[in-house]
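The values are calculated or read from the model by the stated rules, or taken from the named source; none is laboratory data. These figures come from a predicted structure and were not determined experimentally. So basically every Cβ, Gly included, is an ideal-geometry build from the backbone, and we count neighbours across all protein chains shown. Side chains are part of the model used for accessible areas, which takes the heavy atoms of the whole protein and leaves out ligands, DNA and RNA. Shrake-Rupley method; radii C 1.70, N 1.55, O 1.52, S 1.80 Å.
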Amino acid sequence: MYTLTNVTKMYRQSKRSVTALGDVSIEIPSGQMVAIQGPTGGGKSTLLQLLGALERPTSGTVVLGESNLSTLGDAKLARIRAREIGFVFQGFNLIPTLTAQENVETALAPLGLQRAERRSRAAEALASVGLGDRLTHLPSELSGGQQQRVAIARALVKNPEVLLADEPTGNLDEETRDEIMDLLESLWRDTGLTLIIVTHDSAVAKRAERRVRIKQGKVHEAA
Amino acid sequence: MFATYLFREISNRRKQTTIIAIGLALAIALVIIVNGVAAGVKSAQSSILASIYGVGTDVTVSEEAAVPGEGEGPPRFEFGSDDGATTDGTTALSQTRLSAGFGTATFDASALDAVTAVDNVTAATATLDLTNSSFSGEMPDFSQGMPQMGDGQSPPVGGADGAGGSAFSIDSFTVTGIDVGGAAVGPLTSTSLVDGRGFAASDAGATVAVLDSTYATTAELGVGDTIAIADTDFEIVGLVSSTSADATTAANSYIPLDVAQSLSALDGQVSTIFVTAASSSDIGQIQTDIQAALPEAKVSTQADLASSVSGSLTTASDLVSNLGTWLSVIVLGAAFLIAILFTISGVSRRTREFGTLKAIGWSNARIVRQVAGESLVQGLIGGALGVALGLGGLLIVNAVAPTLSASSSVAPAAQGMFGPPQATQAAAATTEIALQAPVTAEIIAIAVGLAVLGGVLAGVVGGWRAARLRPAEALRSVA
């Protein structure tokens, strides 16, 4: 469960400071599927970075379960990201020189698993997203939808508490978008993880249990 | 994961790997070649010094020749009016001198006792360096023709061409007097016997000679023949050659010291003392002690002798130690810079990749290790290429084997004034030697060390850059 209390995040741009999020308080219960919407520059990516332990707030607290992400050091934040949080990006962010299986294995590297276990878990994860026959393919040999499936497998292979998806269908056509959303939704239902999706696409947002809008750094619950 | 990721990056980012590896390879090859040539030049210097001064000689003692006074100069051949035999209007003249060469000083042989008495001197021997010069010629009998040179009179006849002309020949070669019962140090220690035998203690006082084999070939002499030194026939008992390839020995001929002193009218005189120290650490003290015992003497160590060597060997040495070293440093610096800049550029290009890895839980240390590992392997590839290139370069140097010449300005051998080229060469202690650049484990170790250093430097800088990346960069790129 996420608990954000009076969270403000400010950035310095040249000589002035910009408030990306202002005094945001929100709770996200475990197992919820949440869509975050809002205009470009409204603060939704900043919120995702705070939830993903990639940034610390300028003020306020971000708590994930028992961990206060606002005060932990870099090493502990990295450990939380390694064990509890999965990421899916709009641009897939696969490592171009690694095969699909090796890309998925990168998420297991920080957990200190043996190579054989890493390989078998990565193969299982790819099979669960329908890419059991594409283990040795490089990202450049896969379609956009397949690359996003690899990214989802990479995010889920470590069995995280939370899956954060930043515009996961932004680079896909409608048909592939629906396939990916079907996949994410079924994984969410099967695993019971917390799924938080940042999206511009209302068709994607509508599939969420809860919709949150961010505009000018403020959070509004959508109907 | 580390090895897999590293292998994939190295093999898939070939352009960067190739550029970094080639840059380092060129630099390392240059370092290997410069080091190899430097070692070859050093070896050539040692070899030449040994051929001139003998193996085991740590210190030499000689004396500076006095500046010639007015009317003094090189020894001259002087003939009286009654000298020579006259036949058919032609007077034949000949004269031989055995003397210390012009510019060579001799000193009392008791200096050897003073040197031997110095602490930590394990062996010392004295030599007398001489030049045997022979003049022979034919000229017309002027005593008959000159007074009659008047109107209608014929010019003098006779001489070498029968028409009043003259002809002269002047020959000289170097002779070194050796203490045949003395210590095993001195010029003959760097020679090997080619034919016959060397000196024995029983040769003292005997008219026996050992010849430099190169000179013997030129003079068409061999063991069993005789050679005239100061109008005295010496039996040639042995031929020696320098142990260093292509080098001649210090003198053209060697005779017992006591005979040399007697024939040159330099009884009790020597020109050089060769000294061996107990250990290399004693050389400085021995030099100081000998100088104190013999204030007039010129006491030289191997280092002093090396500085007295001139010629293309010295030019090569200077070239290697100056241009070569600086060129290596500059190219190495440039290669390191290229490796660092390319690594930084690679890290910048992979910002999103590293941001993604950080987002999925990779620690800074793991990412730094990955970047450093890639750079190290690129460095090692460059090192392997560089070693191959460098060894190829040394192979070419050794195949070409450029000839270097060296001459010593303080050579113990007497300076010859005349004579055939071979005699002059030996007399001036000029030696030619083919450069051979050795390949040593030390040079290979330096190359590998430099490759590792280049890789580590690039890796540390690149890793530091990657560690400074904020993980949010991965998300920002699509925000």
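Take peptides B:458-466, B:58-66 and line them up by average Cβ neighbours within 10 Å, highest first, as a rough protection proxy.
Packing order, densest peptide first, comes out as B:458-466, B:58-66.
If ligands, DNA and RNA are left out, what is the accessible area of B:Ile338 with a 1.4 Å probe, given in Å² to the nearest 10?
Its accessible surface works out to 60 Å², give or take rounding.
Can you give the direction-averaged projected area of the convex hull of the alpha-carbon atoms in the range A:77-223, in nm²?
Mean shadow area of the hull around the Cα atoms is 9.2 nm².
Once the Cβ-Cβ distance between B:Gln285 and B:Leu395 is put in as r, and R0 is 51 Å, what FRET efficiency do you end up with, to the nearest 0.05?
My answer for the efficiency is 0.70.
Treating cross-link reach as a plain straight distance, find the aspartates and glutamates whose alpha-carbon is under 17 Å from the alpha-carbon of A:Lys44, omitting any fewer than eight places away in the same chain.
List returned: A:Asp23, A:Glu27, A:Glu55, A:Asp166, A:Glu167, A:Asp201, A:Glu221, B:Glu473.
Using only protein heavy atoms and a 1.4 angstrom probe, determine the accessible area buried between A and B, summed over both sides, in Å² to the nearest 100.
Roughly 2500 Å² of accessible surface disappears when A and B pair.
Given a Förster distance of 45 Å, report the FRET efficiency between A:Glu221 and A:Ser14 from their Cβ-Cβ distance, rounded to the nearest 0.05.
For R0 = 45 Å, the calculated efficiency reads 0.85.
With a 1.4 Å probe and all protein chains kept in place, how do A:Thr61, B:Thr174 rank by accessible area, largest first?
If we order A:Thr61, B:Thr174 from most to least accessible, we get A:Thr61, B:Thr174.
Sort B:107-119, A:141-153 by the packing proxy (mean of other Cβ within 10 Å over each peptide's residues), most packed first.
The most tightly packed comes first, giving A:141-153, B:107-119.
Heavy-atom accessible area of B:Leu457 with all protein chains present, probe 1.4 Å, nearest 10 Å²?
It works out to around 70 Å².
Among A:Lys158/A:Lys218; A:Lys9/A:Lys158; B:Lys15/B:Lys358; A:Lys9/A:Lys215; A:Lys206/B:Lys358; A:Lys76/A:Lys218, which pairs are too far apart, with a Cα-Cα distance over 21 Å?
Distance filter (> 21 Å) returns A:Lys158/A:Lys218; A:Lys9/A:Lys158; B:Lys15/B:Lys358; A:Lys206/B:Lys358; A:Lys76/A:Lys218.
Distance in nm between label sites at B:Asp82 and A:Glu27, each 7 Å beyond Cα in the beta-carbon direction?
14.4
Kindly list the residues of the range B:103-135 that lie in the label zone of B:Ala228, defined by a backbone N under 13 Å from the point 7 Å along the Cα-to-C-beta vector.
Counting only backbone N, you get B:133-135.
By how many nm would the segment from B:Ala292 to B:Leu453 lengthen if fully extended, with 0.36 nm per residue of separation less the alpha-carbon distance?
Fully extending the segment from B:Ala292 to B:Leu453 adds 53.0 nm.
List the residues, sorted by chain then number, that are 5 or more residues from A:Thr8 or on another chain and whose placed amide H is less than 5 Å from its amide H.
A:Asp23, A:Val24, A:Thr58, A:Ser59, A:Gly60
Quick one: 3J(HN,Hα) in Hz for the range B:447-452, Karplus 6.51/-1.76/1.60 with θ = phi - 60°, rounded, Gly and Pro as x.
Whole-Hz 3J(HN,Hα) from phi for the range B:447-452: 4, 5, x, 5, 4, 5.
Set the Förster distance to 22 Å, then compute FRET efficiency between B:Ala66 and B:Ile170 from the Cβ-Cβ distance, nearest 0.05.
Rounded to the nearest 0.05, the efficiency is 0.30.
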